[in-house]
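The values are calculated or read from the model by the stated rules, or taken from the named source; none is laboratory data. Quantities reported herein were computed from a predicted structural model and do not represent experimental measurements. Cβ placement follows ideal geometry from the backbone for every residue including glycine, while neighbour counts extend to all protein chains displayed.
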Amino acid sequence: MSPQTHAGIDYSKVDEILSAFEYKKSNLIAILQKVQEVFRFLPLDVMTYIGTKIEGLSPATVYGVATFYAQFSLEPKGKYEIKVCDGTACHVRGSMPVLNAVYQCLNLKDGVYTSEDGLFSVETVSCLGACGLAPVVVVNDKVYPQMTADAIKIVIATIMNEEEEGK
Amino acid sequence: MSDKKTLIINGKEVEFTDEPNLLEVIRKAGFNVPTFCYRPDLTQYGACRMCVVEVEYPNGRTLINSSCTMPPEANIKVKTNTERTRRIRKTVLELLLANHDRECTTCDKSGKCELQQYAEEYGIKDVSKYVEKRKEDFLPIDNSNPALVRDPNKCILCGACVRACTEFQGHSVLGFANRGSKTLVQPIAGKALSKVDCVFCGQCQAVCPTGALTIKNEVNDVWSLITDPNKKVLAQIAPSVRVAIGEEFGLEPGANTIGLINAALKEIGFDLVFDTNFSADLTIMEEAHEFVERVSKGENLPLFTSCCPAWVRYLETQHPEMLNHLSSCKSPQGMLSPILRELVPQYFEGYTSENINIVSIMPCTAKKVEAKRAQLRKDGKFETDYVLTTQELAKMIKSAGIDFKSLEPVEGDSPFAQYTGAGTIFGASGGVAEAAVRTAYEFVTGEPLSDLDINGMRGVDKNHRCKDVELDIKGTKVKVRVVSTLKEAEKSLQEIKNGTADFHMLEVMACPGGCINGGGQPRSCDDSHIKEKRAAGLYKEDTELTYRRSNDNPDIKKLYKEFLESPGSHKAHELLHTAYQDKFKGSYKDVVKN
């Protein structure tokens with residue numbers, strides 16, 4: 001996973017986020033979440049920028065936090081963000097075959113989490129709090145309960161078809 | 001609060017007062033526990049788990065605790081060396097070794113490496129029961145700059161370098177990245193140190209227990225110079241080297257070994273040996289002149305000292321708009337080399353500007369970078385050819401088979417052999433300002449300053465990183481601030497920007513306590529008091545010397561009379577002053593303009 005630089009970043013958006021969170025060191029994770037919401041990932045230059053703007057932080061420290069948490073992506077995320085829950089309940093009910101099916105479907109290799117066309121990105125999350133529906137997959141806030149390898153393939157194929165038709 | 005509190009360590013009753021942690025109490029009591037991550041001048045971290053001890057509480061419970069993070073408690077019984085603690089430490093060592101590039105013999109830290117030392121002490125012979133690090137998984141070594149080498153394959157993630165960078169320089173160029181088994185210590189996104197805002201102070205390297213951060217070793221290059229019969233090799237030795245190098249040969253910290261260093265250098269094969277103390281005096285002549293001029297004109301105040309190359313780089317990259325405050329004087333290293341190149345051929349037969357090579361011996365890793373500055377180059381040639389740190393010179397002396405302690409002391413070479421106490425104290429935080437005031441006073445009033453000890457500027461421990469002194473120069477109040485560490489310097493810069501600053505001169509040394517604690521000095525990170533002893537050694541030499549004001553130095557007077565005319569003259573500017581460069585572009589803060 002190599003971090004990406006991003007030409008033409010609108011830093012006024014970053015400034016807005018920073019001032020909303022009062023330039024506080026303790027708000028770093030919330031700030032990064034918001035930045036990721038805006039840019040769909042954390043560009044290296046934005047992490048550097050945040051590191052120089054907040055007292056007590058440095059670019060290397062911000063990078064450290066961003067790479068510690070799986071929720072942060074250093075490469076652009078896809079239009080559709082697939083979150084495969086791998087909490088205990090989902091795991092025992094077979095989330096791994098679901099995840100592998102997603103990787104296979106999107107032709108992703110180890111360390112690459114966004115499909116080549118930029119349409120999909122995949123991440124595992126630790127628990128979505130919907131253990132009764134295990135195993136759970138969430139695609140852009142839409143919840144898909146009791147997934148199987150075959151079911152998720154259909155979900156992805158449906159989205160792909162819609163995208164095709166949309167064009 | 002005066003209640004006597006005691007605890008038991010290995011059966012011995014030990015008193016304690018305000019020690020920050022149990023480890024300090026253990027060490028004061030004469031015992032020791034191994035540690036990788038504990039450094040008394042940095043915050044406690046508890047990463048390595050080597051300092052674990054068995055603690056028996058009064059209620060009978062026994063727990064294993066890391067002694068560096070545990071505050072001392074009354075009436076506990078501590079055992080530092082039990083079957084359990086040994087087993088834990090051995091496991092820690094085995095796991096670290098399995099995940100380590102164990103090519104020890106060619107490692108620059110070999111013989112000084114704590115991992116190597118403890119592995120040997122604990123008799124670790126085999127780690128094959130763990131999955132060992134494979135050569136093909138090794139990460140590239142960062143060899144991109146003239147001062148430091150970062151080898152991530154030897155990092156044990158103790159975090160000492162990250163804390164040093166953060167707590168000393170306020171800079172955190174190094175940080176942790178990733179998580180779990182993929183964790184690394186590196187500059188942002190694994191960039192090279194030369195591509196980030198590193199100032200090359202070398203404090204990260206000074207606290208590193210292994211070969212993960214080392215000084216770029218230039219010993220072999222210097223040997224090639226010395227063994228070349230067509231080359232004349234000149235040495236210059238910085239003030240603080242003399243009070244530290246003895247530690248490498250079993251002498252006490254603070255012991256002044258300048259005579260032995262001169263002798264060793266001659267023995268090694270250096271042709272002429274000079275003292276950077278002499279050019280420290282020269283720096284004072286120029287800088288005091290500059291200071292007096294600025295005060296009288298009210299221009300570019302406060303004046304910033306410019307001896308510390310890490311500080312100069314910090315200003316150039318972080319605050320280029322404040323470079324006008326920086327003294328235009330070269331550092332003592334930067335001043336002596338051009339003077340030697342210019343004058344040695346006049347005084348010594350067989351020396352020409354072509355065959356002279358200059359090697360400086362410095363306590364500092366950033367000096368290696370300074371020597372490569374474009375501004376310190378003349379006719380396409382660097383004025384200083386190589387910079388060796390104190391550590392490297394010690395290696396050189398050892399490899400030459402010289403018995404350092406039994407050498408007959410030798411004096412430096414004339415015409416620049418004499419130096420004053422003012423030059424010597426450059427090595428301790430506050431020394432440059434004190435030396436400058438001693439001379440500036442006389443420049444302004446025409447009378448010599450009577451009380452030469454300005455105690456308010458002295459002190460190199462944690463509590464003396466920012467010192468304010470107000471002086472009365474015949475009715476004119478002059479305020480001087482002395483800071484060490486760039487974290488403190490940054491606070492002063494912010495005061496200047498806010499308009500709340502109230503001082504005329506700012507002395508900055510990037511290393512805590514000044515050059516005596518420089519990144520190139522012998523290892524001293526386990527004991528806060530070593531730097532105090534080294535500083536005491538310098539202040540002792542100051543009182544022992546015939547002259548204690550730079551302007552009294554007879555060799556300096558002669559140099560001005562015969563060659564430089566007067567401080568601030570055209571000739572002096574040509575040789576002794578320099579220009580600075582706005583290096584904001586490409587620095588972290590430049591990101592907006594990309």
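Among the residues making up region B:387-436, those that are β-branched (Val, Ile, Thr) and either in contact with a helix residue (DSSP H, G or I) (Cβ under 7 Å, 6 or more places away or on another chain) or part of a loop (DSSP other than H, G, I, E, B) (or both) are B:387, B:390, B:397, B:402, B:410, B:420, B:424, B:425, B:432. Scanning region B:555-594 for residues that are within 14 Å of chain A (Cβ to nearest Cβ), in a helix (DSSP H, G or I) and surrounded by 15 or more Cβ atoms within 10 Å (Cβ to Cβ) gives B:588, B:589, B:590, B:591.
Quick test of your reading of the structure: residue B:227 fulfils all but one of (1) within 14 Å of another protein chain (Cβ to nearest Cβ); (2) over 27 Å from residue B:525 (Cβ atoms). Name the failing condition by number. The one condition residue B:227 does not meet is (1). For region A:136-158, a tally of residues being crowded, with 17+ Cβ neighbours inside 10 Å and part of a helix (DSSP H, G or I) returns 3.
Would you pick out the residues in region B:540-554 that are in a loop (DSSP other than H, G, I, E, B) and either not hydrophobic (A, V, I, L, M, F, W, C) or not assigned by TED's automatic domain parsing to the domain that holds residue B:246 (or both)?
Pass one, region B:540-554, residues in a loop (DSSP other than H, G, I, E, B): B:545-549, B:553.
Answer for region B:540-554, where residues must be in a loop (DSSP other than H, G, I, E, B) and either not hydrophobic (A, V, I, L, M, F, W, C) or not assigned by TED's automatic domain parsing to the domain that holds residue B:246 (or both): B:546, B:547, B:548, B:549, B:553.
Taking the stated definitions as given, is residue B:132 part of a helix (DSSP H, G or I), at pLDDT below 95 and away from chain A (no Cβ under 14 Å)? No; evaluated as a whole, the condition is false for this residue. Total residues in region B:147-185 satisfying the condition of being among the charged types (D, E, K, R), out of contact with any helix residue (DSSP H, G or I) (no Cβ under 7 Å at 6 or more places or on another chain) and without any contact (Cβ under 8 Å) to a residue 60 or more places away in the chain: the figure is 2. In region B:170-198, what residues are assigned to a loop (DSSP other than H, G, I, E, B) and either within 13 Å of residue B:588 (Cβ to Cβ) or more than 7 Å from chain A (Cβ to nearest Cβ) (or both)? Within region B:170-198, B:170, B:171, B:172, B:173, B:183, B:191, B:192, B:196, B:197, B:198 meet the criteria. Put simply, of B:298, B:254, B:259 the only residue that is modelled with pLDDT under 95 and either over 23 Å from the mean Cα position of the chain (by Cα) or small (Gly, Ala, Ser) (or both) is B:298. When residues in region B:16-39 are screened for being at pLDDT below 95 and touching a Ser or Thr at 6+ places or on another chain (Cβ under 7 Å), 0 of them pass. Taken over region B:1-30, the residue count meeting the criterion of being part of a loop (DSSP other than H, G, I, E, B) and either touching a His at 6+ places or on another chain (Cβ under 8 Å) or buried (at least 18 other Cβ atoms within 10 Å of the Cβ) (or both) is 2. Given the criteria closer than 30 Å to residue B:138 by Cα, among the basic types (Lys, Arg), out of contact with any Asp or Glu (no Cβ under 7 Å at 6 or more places or on another chain) and surrounded by fewer than 18 Cβ atoms within 10 Å (Cβ to Cβ), does residue B:87 qualify? So residue B:87 fits the description; yes. Of the residues A:94, A:87, A:111, A:78, the single one that is within 14 Å of chain B (Cβ to nearest Cβ), in contact (Cβ under 8 Å) with a residue 40 or more places away in the chain and out of contact with any helix residue (DSSP H, G or I) (no Cβ under 6 Å at 6 or more places or on another chain) is A:111. Residue check: residue B:100 meets all listed conditions (1) under 28 Å from the mean Cα position of the chain (by Cα); (2) outside the structural domain of residue B:135 (by TED's automatic domain parsing) but one, namely (2). In the set (1) more than 14 Å from chain A (Cβ to nearest Cβ); (2) within 23 Å of the chain's Cα centre (by Cα); (3) surrounded by fewer than 23 Cβ atoms within 10 Å (Cβ to Cβ), residue B:167 fails one condition alone, (1).
Considering every residue within region B:243-250, establish whether at least one is within 28 Å of residue B:144 (Cα to Cα) and assigned to a helix (DSSP H, G or I).
yes
Does residue A:83 meet the test of being under 30 Å from residue B:172 (Cα atoms) and surrounded by 16 or more Cβ atoms within 10 Å (Cβ to Cβ)?
Spelling it out, it is not the case that residue A:83 is under 30 Å from residue B:172 (Cα atoms) and surrounded by 16 or more Cβ atoms within 10 Å (Cβ to Cβ).
Residue check: residue B:4 meets all listed conditions (1) touching a Lys or Arg at 6+ places or on another chain (Cβ under 7 Å); (2) modelled with pLDDT under 95 but one, namely (1).
Residue count for region A:18-68, restricted to those that are within 14 Å of chain B (Cβ to nearest Cβ), closer than 26 Å to residue A:118 by Cα and charged (D, E, K, R): 1.
Tell me whether region B:204-223 contains one or more residues that are in contact with a strand residue (DSSP E or B) (Cβ under 7 Å, 6 or more places away or on another chain), surrounded by 24 or more Cβ atoms within 10 Å (Cβ to Cβ) and either among the basic types (Lys, Arg) or within 13 Å of chain A (Cβ to nearest Cβ) (or both). Within region B:204-223, one or more residues are in contact with a strand residue (DSSP E or B) (Cβ under 7 Å, 6 or more places away or on another chain), surrounded by 24 or more Cβ atoms within 10 Å (Cβ to Cβ) and either among the basic types (Lys, Arg) or within 13 Å of chain A (Cβ to nearest Cβ) (or both).
Yes/no per residue for (1) of a type in the set (S, T, N, Q); (2) surrounded by fewer than 16 Cβ atoms within 10 Å (Cβ to Cβ); (3) touching a residue at least 24 places away in the same chain (Cβ under 8 Å); (4) out of contact with any Ser or Thr (no Cβ under 9 Å at 6 or more places or on another chain):
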{"site": "B:515", "(1), (2), (3), (4)": "no, no, yes, no"}
{"site": "B:532", "(1), (2), (3), (4)": "no, no, yes, yes"}
{"site": "B:535", "(1), (2), (3), (4)": "no, no, yes, no"}
{"site": "B:541", "(1), (2), (3), (4)": "no, no, yes, no"}
{"site": "B:545", "(1), (2), (3), (4)": "no, no, yes, no"}
{"site": "B:553", "(1), (2), (3), (4)": "yes, no, yes, no"}
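Restricting region B:544-576 to residues that are in contact with a helix residue (DSSP H, G or I) (Cβ under 7 Å, 6 or more places away or on another chain) and polar (S, T, N, Q), the residue that is nearest to residue B:332 (Cα to Cα) is B:550. The criterion of being touching a residue at least 24 places away in the same chain (Cβ under 8 Å), out of contact with any strand residue (DSSP E or B) (no Cβ under 8 Å at 6 or more places or on another chain) and not assigned by TED's automatic domain parsing to the domain that holds residue A:114 holds for residue A:24. Within region A:14-30, can one find any residue that is within 18 Å of residue B:178 (Cβ to Cβ), at pLDDT 90 or above and not basic (Lys, Arg)? Checked against the condition, which is being within 18 Å of residue B:178 (Cβ to Cβ), at pLDDT 90 or above and not basic (Lys, Arg), region A:14-30 yields at least one hit. Criterion applied to B:586, B:568, B:537 was being among the small types (Gly, Ala, Ser) and not assigned by TED's automatic domain parsing to the domain that holds residue B:243, and the one residue passing it is B:586. Scanning region B:143-170 for residues that are of a type in the set (Val, Ile, Thr) and either closer than 25 Å to residue B:387 by Cβ or touching a His at 6+ places or on another chain (Cβ under 6 Å) (or both) gives a single hit, B:149.
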